[in-house]
Amino acid sequence: MREDHDDGTVGRVAAIDIAKASGMVCLRVPHDTIEGRRVQRVWTVASTTNTILELGDRLICQGVERVVMEATGSYWRPFFYLLEARGLDCWLVNARDVKNVPGRPKTDKLDAVWLAKLAERGMVRASFVPPKPVRQLRDFTRTRTVFVQERTRHKHRVDKALQDAQIKLSGVVSDLFGMSGRAMLDALVGGERNPRALADLAKGNLVKKKAALVEALTGQFEDHHARLLSLRF
């Protein structure tokens, strides 16, 4: 049975001090026969899926419904998500809210015990962890943002290589990676150096700018510039 009390204290708690490859678990539950006494167990578990699921089963058998852990990088996620999926009430807390007493020895074991004691006394508050659909959406949007930023950096590097070769194509073509721009870049990488031949690859509205294109494509483009571009797109 859940043992939360009106004053915010919790009867059966577990706290996990999480590192990269493992977690130090502190379990604190009431003594079976002596009223007011607590039983404490501390042990280490690996941060592998099967081990965390086994931990979840063990905590459920002990009647634990609140599991508290610090927000340490991204290492907390396997513990939080897997234990939550087991039906446990998981709380993620901010490290600054659970700082140890100054001068007190700091070890993984002591940190786990300290966190468990704070949790059972209702002295911690849970940070917001979005539900699974929102987490998945965040992953997609963040990944897309990274890809877009990386694509922009590559475009800038391509233009930098062209500028180094005195090719001023970006001054005439609004999008170096549009159909016309790509055709000219491919031709340059393939060995074409004649500005007029390159300008003839223009399509759409750029056909009207052939004179400007010829001027922009007249430069000192060499083989090492071609090698640089071949690595960029």
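The values are calculated or read from the model by the stated rules, or taken from the named source; none is laboratory data. Keep in mind that this is a model prediction, so the values were computed, not measured. Cβ atoms come from the backbone with ideal geometry, glycine included; neighbour counts cover every protein chain shown. Accessible surface areas use protein heavy atoms only, side chains included; no ligands, DNA or RNA. Shrake-Rupley method; radii C 1.70, N 1.55, O 1.52, S 1.80 Å.
So here's what we get for this one:
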item: Residue in the range 125-139 that is modelled with pLDDT under 90, open to solvent by 90 Å² or more (accessible area, probe 1.4 Å), within 30 Å of Cys26 (Cβ to Cβ) and not aromatic (Phe, Trp, Tyr) present; result: yes
item: Options Ala183, Ala216, Ala165; residue that is surrounded by 13 or more Cβ atoms within 10 Å (Cβ to Cβ), farther than 30 Å from Leu82 by Cβ, among the hydrophobic types (A, V, I, L, M, F, W, C) and out of contact with any Leu (no Cβ under 8 Å at 6 or more places or on another chain); result: Ala165
item: Looking only at the range 27-80, and only at residues there that are part of a helix (DSSP H, G or I) and of a type in the set (Asp, Glu), the one that is nearest to Val13 (Cα to Cα); result: Asp57
item: Pairs where the first residue, in the range 41-52, is of a type outside the set (D, E, K, R) and the second is assigned to a loop (DSSP other than H, G, I, E, B) and surrounded by fewer than 16 Cβ atoms within 10 Å (Cβ to Cβ), C-beta under 8 Å, 6+ apart; result: Ala46/Ala21; Ser47/Ala19; Ser47/Lys20; Ser47/Ala21
item: Residues located in the range 148-181, provided they are under 33 Å from the mean Cα position of the chain (by Cα) and under 16 Å from Asp200 (Cα atoms); result: Leu176, Gly178
